Every structure is written in C-alpha cells, then in structure tokens.
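For reference, the structure is listed below as structure tokens.
The values are calculated or read from the model by the stated rules, or taken from the named source; none is laboratory data. In this text, all values refer to a predicted model and were calculated from it rather than measured experimentally. No Cβ is skipped: glycine too gets one built from the backbone with ideal geometry, and neighbour counts run over all protein chains shown. The area values use the complete protein model at the heavy-atom level, side chains included, leaving out ligands, DNA and RNA. Shrake-Rupley method; radii C 1.70, N 1.55, O 1.52, S 1.80 Å.
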Amino acid sequence: MFMASLVLAGLVLAQAEHTVFRTELPVWDVLAADVNGDGFKDILVYCSDEVAEAPTKELRILLADNTGRFGSSEALRFSLAPTNGTAFVSEFDGAPPREIVLFDQSSATVMRLNSGALTEVGRMELVSLLPTGSREPVFLREATRDLDGDGRDEWVLPLADGYGIFAEGKLAAKLPAPTISELRDFSNFQISHRLPAVSTFALPDERVRAIALLSDTQADFSYGEGWREHAHYAIPRRLDEKWDASAELDDVNADGWPDLMVTQTSGTINLKTETQIYLSTGPFTYGATPDAKVTRSGSFNSAALRDTNGDKKLDLVFISVPLGIGNIINYFLRQKVTVEAAVYEFGPKGFPEKPNRKATLTLDAPEGRERSAYAPGDFDGDGFLDAAVGTGAESMSFYRGSSREFLSASPWIKLAMPTFGIARTGDLDGNGRDDLLLIHPGGPNERRVEVVMF
C-alpha cells in the first residue's frame with residue numbers, strides 16, 4: 001500500500017515527494033541498490049517478526065519506475081529462511097544487475113532478480129562470525145567491493161581470528177586482526193565479538209585496493225597482490241581512563257592518501273571528548289603528534305568527516321548534546337533536547353582552532369527504543385551539506401547549508417511524518433540531489449518506510 005504527498009518548496013528549487021510504504025512485518029533495515037539493471041536504485045526492506053516463536057522474515061523489494069520514483073510501484077515479496085542472519089548486494093558474476101547474497105553462519109546463497117522472481121545462481125559453504133537466525137536483521141553495507149578491478153566484487157567477512165577476503169565465494173586471503181570475544185553466562189549464553197572496522201582505498205599505480213583494519217589502538221594495512229604486504233601504525237593514546245574510542249580513515253586533504261581521525265571520550269558527568277586528525281605523510285605513515293586537535297567538554301559528542309562546502313576537502317563536523325542544567329530541565333519538563341552542531345572547515349592552513357559555522361536545533365525527545373532521526377545530505381544539489389532533522393515527533397525539517405551558515409535558521413521544507421527512527425540518505429534517481437529513507441524499528445510505526453525524494 002502506498003500513500004504519496006507532494007510538498008512544494010516555495011521559490012527554492014523544486015519539490016519534495018513523500019511516499020509511505022507499509023509492510024505486514026516490522027521493518028529493521030533498508031538498503032538502496034539497483035537490483036534489476038535499469039540504472040535506478042531500488043529499495044530493499046528487511047522485515048522480521050522478532051517476537052514470533054520461530055523468526056518470520058522476509059525481503060521486500062520496491063522497484064523504481066522509469067523515472068526513478070516509487071509512487072506507483074508494487075513491492076516484490078520474498079520469504080527468508082529462519083536461519084538467515086544478514087544480507088548484502090554484490091556484483092557476483094561481473095555483469096549487471098547486482099545480486100543479492102543471503103548469509104547465515106555457515107553458508108552464502110547468491111540470488112538474482114529475474115522477471116519479478118529471485119533465482120538462486122550460486123551457493124557456497126563458508127564459516128564466519130556473521131550471525132545466524134537474527135530476529136532484528138540488518139544489511140551489511142561495507143563488506144563487498146571490487147578490490148582488484150576485475151568487475152567482480154570481493155567480500156570482506158569476519159572470521160574467528162580476523163577477516164577473510166572471498167573471491168567468487170572462495171577464500172582468497174586472510175587478514176589477521178585483533179578480535180575480542182566475550183562470553184556471558186546468565187540464564188543463557190551470550191557471546192559477543194568485536195573486530196576492527198574495515199576501510200578500503202586506492203593506491204597510486206596499484207591495481208589492487210588496499211585494506212585498512214582500524215581499532216581504537218592501531219591501524220593495520222594490507223596491500224599489493226594478494227594483500228601480502230603489510231604496514232602497522234599504533235594510534236597514540238591521548239586521554240587517561242578513556243571509556244570510548246573510535247577511528248575513521250578518509251582522505252581529508254584530497255592528496256590521494258588516507259588520513260586518520262581518532263576520537264576518544266573520558267569522564268562521566270564531566271565528559272571530555274578529544275578528536276585528533278593525523279594527515280598522512282606518505283604511504284601508511286603518520287606523525288607522532290596530531291596535525292589538528294579539537295577538545296570539547298560537558299556534552300555527548302559525535303565527530304565525523306564530511307565535505308560540507310563542496311570543495312572536495314573533508315571538514316570536521318561535531319554533533320553535541322550539552323549536559324547542562326538547562327538541557328536537563330528542558331528534557332524533563334518539555335520532553336525536548338537541544339543539539340548543537342559545529343563545523344571546522346579544512347583550509348590551506350589545515351583546521352582552524354574555532355569552528356567556522358555553528359547551528360543549534362531543538363528536537364522532541366524519544367522514549368523507549370526510539371531515537372531522534374538526523375541525517376546529513378545535499379538535498380538541494382548545490383554542493384553544500386544540508387540536514388534532515390526530526391524536530392518534532394511528527395515533523396521532519398530540512399535545513400539548507402550555505403557558505404554563511406552550517407544550517408539555515410529556519411527549515412527549508414517541513415513534512416508531517418513520524419520522525420523517530422533511523423534515517424539514511426543517498427541519490428536514488430541520479431538527479432544530483434540526495435533523497436531520504438526513514439524507518440522506525442521497535443516503535444509504533446515499525447511497519448512503514450518513509451521515502452522522501454527531491
């Protein structure tokens with residue numbers, strides 16, 4: 001079932017089209033990918049009744065029409081085995097369209113969409129740390145990519161002692177990695193695994209993409225034919241008694257080499273977050289001291305690298321929730337929370353000491369398992385980063401970015417829709433403007449998908 005509404009943005013650009021897709025089972029994740037080869041991204045919806053005695057799962061596929069939109073299409077529906085744990089979309093045979101790969105702990109099944117039906121085109125046995133029988137399944141997003149330029153994707157999958165690189169379903173290389181596994185023996189066994197994050201990047205004059213494994217203490221690089229060459233970098237520890245740390249690898253200054261961002265948090269009531277940027281000084285080498293450092297106190301902070309102004313360089317974006325008495329009172333009395341955003345733009349002299357642009361937003365506070373939706377994206381196509389923010393429980397606001405301010409003082413567009421949930425952005429129809437997908441896992445609107453296209 002679909003309901004579509006059209007919202008015009010006055011004299012600014014064009015319009016936002018909001019479509020609602022309803023499902024019979026709760027929705028836990030969505031993924032945009034072209035699975036029928038028509039050049040437009042389709043929407044894959046992962047559904048599961050997590051409270052059923054035996055997990056009841058299905059994959060819904062919403063195919064784009066010949067304009068890249070979804071207002072009149074019917075969703076395809078496919079039942080999944082109870083043992084299914086996760087899935088991703090991958091180029092398996094070297095020819096479009098891309099295939100859908102379904103995983104459990106001991107096998108992978110490759111499916112191709114053909115004339116409205118999913119057909120099995122490959123199946124292989126492989127043992128990994130991927131989940132089996134998931135009741136709240138999610139897609140794997142960063143596990144598949146063409147690493148050697150042959151037109152077929154390799155898979156980077158977690159193993160008991162690191163990561164395995166699989167080509168055409170066969171183990172092609174093994175990358176050792178520090179893997180942390182914990183066992184909790186309560187009324188039943190609970191086993192958890194923590195592995196480094198995976199990042200891949202191209203090297204000058206190299207056919208094979210390099211792979212980086214990032215933990216909060218080290219970066220391990222594998223490169224060359226068969227990923228047989230290795231390099232190691234120990235991440236300096238800057239905060240005593242840190243309770244959380246993360247690392248991100250990306251090319252900040254557009255010189256072709258990946259740079260390193262490390263964020264560490266310490267404290268309890270008086271939280272302190274320190275983010276350091278290490279610019280690469282050559283292949284897999286970084287200085288002993290950071291090239292930039294930003295310290296923020298008294299708030300929950302999340303740091304990210306984004307191109308906010310279209311100059312192809314990555315800026316440092318902070319999203320902060322202050323822990324001051326005013327925000328606490330606002331939360332208990334009005335069920336509101338204040339969120340602050342700050343942008344440090346990368347320039348010829350690096351990052352500045354103070355943010356170039358700031359913004360302050362007030363959001364409705366969610367309850368239970370729900371969360372306030374926030375997603376960056378270039379929704380108007382002007383090269384500046386915009387943001388979709390759930391400013392009310394039933395109000396999604398789109399704020400425009402510009403050279404003068406990180407986000408406009410007032411919304412460019414407001415849509416009446418439930419906003420607690422998880423938001424994802426990307427250009428679905430290829431028109432140069434990002435679109436929005438919003439789901440509401442675990443909440444009262446868990447059986448619907450919001451699609452907003454620009």
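If only one of 229, 248 is over 27 Å from residue 300 (Cα atoms) and without any contact (Cβ under 8 Å) to a residue 60 or more places away in the chain, which one is it? First the steps, then the outcome.
Values: 248 fails: over 27 Å from residue 300 (Cα atoms).
None of the others qualify; the one that does is 229.
Restricting attention to the stretch 275-323, the residues that are farther than 21 Å from residue 408 by Cα, open to solvent by 50 Å² or more (accessible area, probe 1.4 Å) and part of a loop (DSSP other than H, G, I, E, B) add up to 8. The single residue among 207, 194 that is out of contact with any strand residue (DSSP E or B) (no Cβ under 8 Å at 6 or more places or on another chain) and either modelled with pLDDT of 85 or more or open to solvent by less than 70 Å² (accessible area, probe 1.4 Å) (or both) turns out to be 207.
Give the residue, chosen from 255, 220, that is loosely packed, with under 13 Cβ neighbours inside 10 Å and of a type outside the set (Val, Ile, Thr). Every option except 255 fails the conditions.
Looking across the stretch 219-237 at every residue that is among the charged types (D, E, K, R) and outside any helix (DSSP H, G or I), the one that is modelled with the lowest pLDDT is identified as 237. All conditions but one from (1) among the hydrophobic types (A, V, I, L, M, F, W, C); (2) part of a strand (DSSP E or B); (3) over 25 Å from residue 91 (Cβ atoms) apply to residue 212; the one that does not is (3).
Is it true that residue 182 is free of Cβ contacts under 8 Å to residues at least 40 places away in the same chain, part of a loop (DSSP other than H, G, I, E, B) and within 25 Å of residue 162 (Cβ to Cβ)? So residue 182 fails the test.
Residues checked against (1) surrounded by fewer than 21 Cβ atoms within 10 Å (Cβ to Cβ); (2) under 30 Å from residue 39 (Cβ atoms); (3) modelled with pLDDT of 95 or more; (4) of a type in the set (D, E, K, R):
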| site | (1), (2), (3), (4) |
| --- | --- |
| 362 | yes, no, no, no |
| 400 | no, yes, no, yes |
| 407 | no, no, no, no |
| 434 | no, yes, yes, yes |
| 437 | no, yes, yes, no |
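None of 187, 134, 128 is of a type in the set (Ser, Thr, Tyr) and open to solvent by 40 Å² or more (accessible area, probe 1.4 Å) except 187.
Among the conditions (1) in a loop (DSSP other than H, G, I, E, B); (2) open to solvent by less than 30 Å² (accessible area, probe 1.4 Å); (3) in contact with a Pro (Cβ under 8 Å, 6 or more places away or on another chain), residue 380 misses just one, which is (3). Among (1) surrounded by fewer than 19 Cβ atoms within 10 Å (Cβ to Cβ); (2) of a type in the set (Asp, Glu); (3) in contact with a Pro (Cβ under 8 Å, 6 or more places away or on another chain), where does residue 182 come up short? With (1) surrounded by fewer than 19 Cβ atoms within 10 Å (Cβ to Cβ); (2) of a type in the set (Asp, Glu); (3) in contact with a Pro (Cβ under 8 Å, 6 or more places away or on another chain) applied to residue 182, the lone miss is (3). Kindly indicate whether any position in the stretch 326-337 is modelled with pLDDT of 80 or more, closer than 24 Å to residue 405 by Cα and not aromatic (Phe, Trp, Tyr). Within the stretch 326-337 (the criterion being modelled with pLDDT of 80 or more, closer than 24 Å to residue 405 by Cα and not aromatic (Phe, Trp, Tyr)), the answer is no, since none of the residues qualifies. The number of residues in the stretch 384-398 that are within 21 Å of residue 309 (Cα to Cα) and open to solvent by 30 Å² or more (accessible area, probe 1.4 Å) comes to 1.
Taken as a whole, the structure places residue 176 among residues that are surrounded by fewer than 18 Cβ atoms within 10 Å (Cβ to Cβ) and within 26 Å of the chain's Cα centre (by Cα). Filter the stretch 409-427 down to residues that are assigned to a loop (DSSP other than H, G, I, E, B) and small (Gly, Ala, Ser) and give me whichever is surrounded by the most Cβ atoms within 10 Å (Cβ to Cβ). So the residue we want is 421. Within the stretch 259-274, the residues that satisfy the criterion of being over 19 Å from residue 354 (Cα atoms) and open to solvent by 10 Å² or more (accessible area, probe 1.4 Å) are 265, 266, 267, 268, 269, 270.
Residues of the stretch 93-117 being among the hydroxyl-bearing types (Ser, Thr, Tyr) and open to solvent by 30 Å² or more (accessible area, probe 1.4 Å), which ones? Even if it seems obvious, please write down each step before you answer.
Taking the stretch 93-117 first, the residues among the hydroxyl-bearing types (Ser, Thr, Tyr) are 106-107, 109, 115.
The answer is 106, 115.
Of the residues in the stretch 65-82, at least one is without any contact (Cβ under 8 Å) to a residue 60 or more places away in the chain, in contact with a Gly (Cβ under 9 Å, 6 or more places away or on another chain) and over 27 Å from residue 124 (Cα atoms).
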